[in-house]
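Trainee: The structure follows.
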Amino acid sequence: MEEKVITQNFHLKNYFKMDVYLKHDGYQAVKKALKKMKPEQIMDEVKKANLRGRGGAGFPAGVKWGFVPQDVPKPKYLCVNADEGEPGTFKDRYIMSHNPHLLIEGIIITSFCVGIRQAYIYIRGEYEAIAQRLEQAISEAYEKGFLGKNILDTGHDLDIIIHRGAGAYICGEETALLESLEGKRGHPRLKPPFPASIGLFNCPTVINNVETISNIPAIILKGAEWFCKLGLPKDGGTRIFGVSGMVKKPGIYELPLGTSLKDIIYKHAGGMKPGKKLKAVVPGGMSAPILKADEISIKMDFDSLVNAHSMLGSAAIIVIDKDTPIIDVLKAVAKFYSHESCGQCTPCRIGTSWINKIVKRIVEGKGKKEDINNIERLADNILGKTLCPLGDAAAMPISSIVGKFREELESYVSGKQNDKKM
Amino acid sequence: MSPEFSDQAKKKIREVISRYPKKEAALLPLLHIAQQEFGHISTESEKVLAEMLEIKPIRVREAVTFYTMLNRRPIGKYHIQVCSNLSCSILGAETLIDYLKKKIKIEIGETTPDGKFTLSTVECLGNCEEAPCMQVNFDYNGNLDKKKIDSILNSLK
Ligand SMILES: Cc1cc2nc3c(=O)[nH]c(=O)nc-3n(C[C@H](O)[C@H](O)[C@H](O)COP(=O)(O)O)c2cc1C
Ligand code: SF4
Ligand code: FES
């Protein structure tokens with residue numbers, strides 16, 4: 001059995017409760033970090049672990065923490081990104097519902113390391129039940145003295161506050177998240193300045209994904225070297241792959257970085273549902289360019305996917321079968337981004353809604369020959385021309401679908417394609 | 001008429017506002033509380049919240065019109081929100097949406113005349129391993145088929 005970092009105890013009954021968690025080495029990492037280590041040592045260890053951000057962009061966590069200026073008098077904040085809006089992604093939900101104390105431990109250690117006394121968990125509004133479970137776990141942690149004033153007699157204080165979103169994918173983008181937390185519309189900010197120096201309430205702010213932070217306790221307990229060895233030299237540890245779509249066993253699978261996509265689909269997720277054949281795979285959440293069935297021997301790590309002109313993103317794998325018309329996939333993608341564009345920049349606002357209109361027309365059987373080229377042209381005119389990465393996140397998968405399935409798409413606008421099954 | 005929060009909600013509001021270094025940051029949590037109390041966010045509620053947070057009512061309106069979970073109009077007792085994103089649509093969400101429309105005899109975005117159901121489609125609910133799925137108010141229902149939808153609808157009184 002492969003070694004795990006986050007999910008190894010998910011099967012234990014009531015593991016989300018403090019007493020059970022404590023029986024299985026719970027809060028040992030916090031004790032070690034706060035009592036036996038200096039903040040600089042923790043940061044070094046996390047840097048050495050090559051822990052790359054699990055939210056999408058894959059930025060090394062330790063390096064990000066290092067950008068926070070330590071010589072300013074302002075308070076510093078941690079924002080844990082639990083917005084989980086990337087279509088296909090559900091891993092953070094599992095972490096928070098099955099292992100909330102691991103996340104809390106990670107938050108305590110991160111805050112101690114960076115000198116933070118207030119942490120916010122920004123959780124998507126739909127996860128109401130999960131937010132309640134987190135509240136429960138947080139109050140248990142206060143009771144045990146792991147949160148609040150003078151934690152474990154170290155002089156370190158920390159409060160954790162849960163902040164629920166209200167239905168907006170863009171609020172997962174880190175600067176939109178900050179705006180939303182401040183009580184405004186989730187409109188992304190121009191960078192620089194980066195949140196590390198000017199973030200929440202204009203103060204230095206660290207923003208990390210739930211899974212990123214949940215890796216910290218194991219790095220503290222078992223060391224950076226152990227963590228690196230689990231994964232790849234430049235990409236340490238495991239990923240929690242969320243597999244959905246036309247597979248026999250959809251669900252989460254925590255596996256070493258670098259596991260092949262083929263193994264994940266066929267060995268772990270049980271392969272295709274009976275009678276279904278593989279057509280394409282979205283390898284890292286909807287924003288990731290699509291892969292065709294013959295491209296799945298790829299290794300699942302940040303660099304391998306970039307080399308294949310896609311991305312690991314949130315490690316959400318959506319498996320598409322041959323009975324699903326590619327126009328349906330394009331429709332879901334186009335509808336999503338036109339709905340979620342915040343509207344601040346013209347190429348993104350107009351481009352996504354225009355593409356969506358064209359795709360709808362094609363679905364209704366009223367497509368024209370030039371539509372396919374127009375979709376491609378519009379996507380090209382979004383790419384690289386917007387304020388935040390949502391524009392690219394829309395353009396890239398759309399271009400890849402058009403590029404890789406042009407023939408099938410053309411069959412919908414040439415009158416040849418009336419039968420939905422390809 | 002200005003909406004009157006319950007004592008419990010008032011207490012919660014005071015506590016929530018104290019969590020933030022700036023009052024206005026409590027806007028989203030307060031909107032959640034208001035929606036829970038009154039079912040939707042009326043213009044009057046917007047004014048009350050603006051006063052509590054010492055901001056202009058237009059700032060509240062800006063937020064209410066931005067976030068899709070916030071309703072500006074009354075909705076049904078049960079808000080049925082069916083996911084129409086990719087993993088769910090691969091597994092037949094569209095057929096189920098059509099089935100629901102016929103069954104409760106309304107279109108997407110409408111509320112039944114008796115005020116019992118509102119039907120919406122939503123983007124990915126983060127529950128794709130149980131696709132196709134829907135949320136009824138805050139309850140998740142996954143691995144849906146027509147039979148399961150029937151039994152869920154029957155259980156909603
Ligand atoms: C449109 C958009 C949506 C995003 N949604 C999420 C999200 O739901 N959760 C998340 O952790 N990161 C999301 N991100 C990435 C964040 O901006 C940010 O990079 C991340 O939270 C940083 O944490 P990490 O370094 O630990 O990955 C999103 C980015 C964009 C552009
Ligand atoms: S790229 Fe799109 S989502 Fe991002 S700021 Fe511009 S309009 Fe908003
Ligand atoms: S696609 Fe329906 S829950 Fe994710």
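The values are calculated or read from the model by the stated rules, or taken from the named source; none is laboratory data. On a predicted model such as this, the values are computed, not experimentally measured, just so you know. All Cβ positions, even for glycine, are placed from backbone atoms using ideal geometry, and neighbour counts span all protein chains on display. What goes into the accessible areas is simple: the full protein's heavy atoms, side chains included, and nothing from ligands, DNA or RNA. Shrake-Rupley method; radii C 1.70, N 1.55, O 1.52, S 1.80 Å.
Trainee: Defining a contact as two alpha carbons under 8 Å apart and six or more residues distant in sequence, what relative contact order in percent does segment A:90-179 show? If you can, show how the numbers build up before the last one.
Mentor: Values: 96 pairs, mean separation 28.8, N = 90.
Over segment A:90-179, the number comes to 32 percent.
Trainee: Still on this structure: Could you work out the mean count of beta carbons from other protein chains within 10 Å of each residue's beta carbon in A:87-93? It would help to have the intermediate numbers written out before the result.
Mentor: Values: counts 10, 8, 3, 8, 2, 1, 5.
Partner Cβ neighbours, averaged per residue: 5.
Trainee: Taking every residue in B:21-30, how many Cβ atoms of other protein chains lie within 10 Å of its Cβ, on average?
Mentor: Shielding by partners across B:21-30 averages 5.
Trainee: Ranked highest first by the average count of other Cβ atoms within 10 Å around their residues, in what order do B:30-39, B:84-93, A:312-321, A:325-334 fall? Spell out each step's value before the answer.
Mentor: On the way: B:30-39: 19.4, B:84-93: 25.1, A:312-321: 27.8, A:325-334: 23.0.
Packing proxy ranking, top to bottom: A:312-321, B:84-93, A:325-334, B:30-39.
Trainee: Whenever you get a sec, compute what percent of the accessible area on chain A sits on carbon and sulfur atoms (1.4 Å probe).
Mentor: Of all accessible area on chain A, carbon and sulfur atoms account for 52 percent.
Trainee: Same structure again: For an R0 of 41 angstrom, estimate the FRET efficiency from the Cβ-Cβ distance between B:THR65 and A:LYS36 and round to the nearest 0.05.
Mentor: On the way: r = 51 Å, r/R0 = 1.25.
Step by step, r from the Cβ atoms, then E = 0.20.
Trainee: Enumerate the amide H contacts of A:GLU254 below 5 Å, restricted to partners 5 or more residues apart or on another chain; note that Pro and chain-start residues carry no placed amide H.
Mentor: Hits under the 5 Å cutoff: A:PHE241.
Trainee: Could you calculate the FRET efficiency of A:LYS234 with A:LYS267 from 1/(1 + (r/R0)^6), where r is the beta carbon distance between them and R0 is 25 Å, rounded to 0.05?
Mentor: Working: r = 25 Å, r/R0 = 0.99.
After rounding to 0.05, the efficiency reads 0.50.
Trainee: Follow-up. In nm, to one decimal, how far is the modelled label at A:LYS249 from the one at A:GLN28, with both set 7 Å along Cα→Cβ?
Mentor: 2.8 nm
Trainee: OK, next. Once the Cα atoms of helix B:43-53 and of chain B are each reduced to a long axis, what angle between those two axes, in degrees from 0 to 90 to the nearest 10, is obtained?
Mentor: Result, in degrees: 50.
Trainee: Are there residues in segment A:217-257 whose accessible area shrinks by at least 20 Å² when all protein chains are included rather than the chain by itself, and which are they (probe 1.4 Å, ligands and nucleic acids not counted)?
Mentor: A:SER244, A:GLY245, A:MET246, A:PRO250
Trainee: Then there is this: Tell me, what HN-Hα J-couplings in whole Hz come from the Karplus equation 6.51 cos²θ - 1.76 cosθ + 1.60 at θ = phi - 60° for each residue of segment B:65-71, using x for Gly and Pro?
Mentor: Using θ = phi - 60°, the values come out as 7, 8, 8, 5, 6, 8, 9 Hz.
Trainee: With the alpha-carbon atoms as the only input, what is the per residue convex hull volume for segment A:2-74 in Å³? Please report the intermediate quantities before stating the final value.
Mentor: On the way: hull volume 12.3 nm³, N = 73.
Per-residue hull volume (Cα only) is 168 Å³.
Trainee: Under 5 Å between amide H atoms, partner at least 5 residues away or on a different chain: which partners does A:ALA196 have, H built in plane at 1.01 Å?
Mentor: Counting only residues 5 or more places away or on other chains, the set is A:THR205.
Trainee: May I pose another question? So if we plug the beta-carbon distance of A:LYS368 and A:SER297 into 1/(1 + (r/R0)^6) with R0 = 51 Å, what FRET efficiency do we get, rounded to 0.05? Can you show the working numbers first?
Mentor: Values: r = 38 Å, r/R0 = 0.74.
Efficiency computed from Cβ-Cβ geometry: 0.85.
Trainee: Quick check on packing: order A:44-53, A:270-279 by the mean number of other C-beta atoms within 10 Å, highest mean leading.
Mentor: Numbers: A:44-53: 22.0, A:270-279: 14.8.
By packing density, highest mean first, the sequence is A:44-53, A:270-279.
Trainee: Something else now. May I have the extent of the alpha carbons of segment A:230-335 along their three principal axes, as whole Å values ordered from largest to smallest?
Mentor: For segment A:230-335, the Cα extents along the three principal axes come out at 39, 28, 22 Å.
Trainee: For segment A:170-273, just run the numbers: alpha carbon Rg, then divide by 2.2 N^0.38 Å, N being how many residues it has. Display every interim value, and only then the final one.
Mentor: Values: Rg = 18.2 Å, N = 104, 2.2 N^0.38 = 12.8 Å.
The reported ratio for this selection is 1.41.
Trainee: If the cut-off is a Cα-Cα distance under 25 Å, which lysines reach A:LYS369, setting aside same-chain residues fewer than 8 apart in sequence?
Mentor: A:LYS279, A:LYS292, A:LYS322, A:LYS331, A:LYS335, A:LYS357, A:LYS360, A:LYS404, A:LYS416, A:LYS420, A:LYS421
Trainee: Per residue of B:82-94, count partner chain C-beta atoms within 10 Å of its C-beta, then hand back the mean as an integer.
Mentor: On the way: counts 0, 1, 4, 8, 16, 17, 4, 7, 12, 7, 0, 1, 2.
Taking the mean over all residues of the peptide, I get 6.
Trainee: Give the share of C-alpha pairs in each 10 angstrom bin for the protein assembly as shown, from 0 to the last occupied bin, in whole percents, shortest bins first.
Mentor: The distribution over the protein assembly as shown is 3, 17, 28, 28, 17, 6, 1, 0, given as percents.
Trainee: Within segment B:77-120, name every residue whose backbone N is under 20 Å away from a label modeled 7 Å from Cα of A:LYS322 along the Cβ vector.
Mentor: Within reach of a label on A:LYS322, which here means backbone N under 20 Å from a point 7 Å along Cα→Cβ, segment B:77-120 contributes B:90-92.
Trainee: Report, for the protein assembly as shown, the % of DSSP beta bridges that are antiparallel, rounded to 5.
Mentor: Around 45 percent of the beta bridges assigned by DSSP in the protein assembly as shown are antiparallel ones.
Trainee: Provide A:ILE161, B:ILE58 ordered by accessible surface of protein heavy atoms (probe 1.4 Å), highest first.
Mentor: On the way: A:ILE161 15, B:ILE58 100 Å².
Ranked from most to least accessible, the order is B:ILE58, A:ILE161.
Trainee: Find the relative contact order for chain A and round it to a whole percent, using C-alpha pairs within less than 8 Å whose residues are 6+ positions apart.
Mentor: 16 percent
Trainee: In whole percent, and with a 1.4 Å probe on the protein chains, what portion of the accessible area of segment B:16-157 is carbon and sulfur?
Mentor: Values: 3200 of 6420 Å².
Looking at segment B:16-157 in its full context, I get 50 percent from C and S.
Trainee: Please list, in order along segment A:222-227, the HN-Hα scalar couplings obtained from phi with the Karplus expression 6.51 cos²θ - 1.76 cosθ + 1.60 (θ = phi - 60°), rounded to whole Hz, x for Gly and Pro.
Mentor: 10, x, 5, 5, 4, 5
Trainee: Using all Cα-Cα distances in segment A:315-422, what percent lands in each 10 angstrom bin from 0 up to the longest?
Mentor: With a bin width of 10 Å, the distribution comes to 15, 49, 29, 7, 0.
Trainee: While we're on this one: Based on the alpha-carbon gyration tensor of chain B, what equivalent-ellipsoid semi-axes (square roots of 5 times the eigenvalues) come out, in whole Å, largest first?
Mentor: Numbers: eigenvalues 222, 56, 37 Å².
Values for chain B, descending: 33, 17, 14 Å.
Trainee: Between chains B and A, what is the buried accessible area in Å², counting both sides, with a 1.4 Å probe and ligands, DNA and RNA left out, to the nearest 100? Please report the intermediate quantities before stating the final value.
Mentor: Details: alone 9680 and 18050 Å², together 24040 Å².
Using a 1.4 Å probe, the pair buries roughly 3700 Å².
Trainee: Kyte-Doolittle mean at least -1.0 and Cα extent at least 30 Å along the axis: which DSSP H helices of chain A qualify?
Mentor: Working: long enough: none.
Flagged H segments: there are none.
Trainee: A:LEU12's amide H: which non-local residues (gap 5+, or another chain) put their own amide H closer than 5 Å, with H modeled 1.01 Å from N in plane and none for Pro or chain starts?
Mentor: Correct list: empty.
Trainee: Counting only heavy atoms of the protein chains, get the accessible area per residue of segment B:9-157 (1.4 Å probe) and round it to a whole Å² value.
Mentor: Numbers: 6980 Å² over 149 residues.
Per-residue accessible area for segment B:9-157 comes out at 47 Å².
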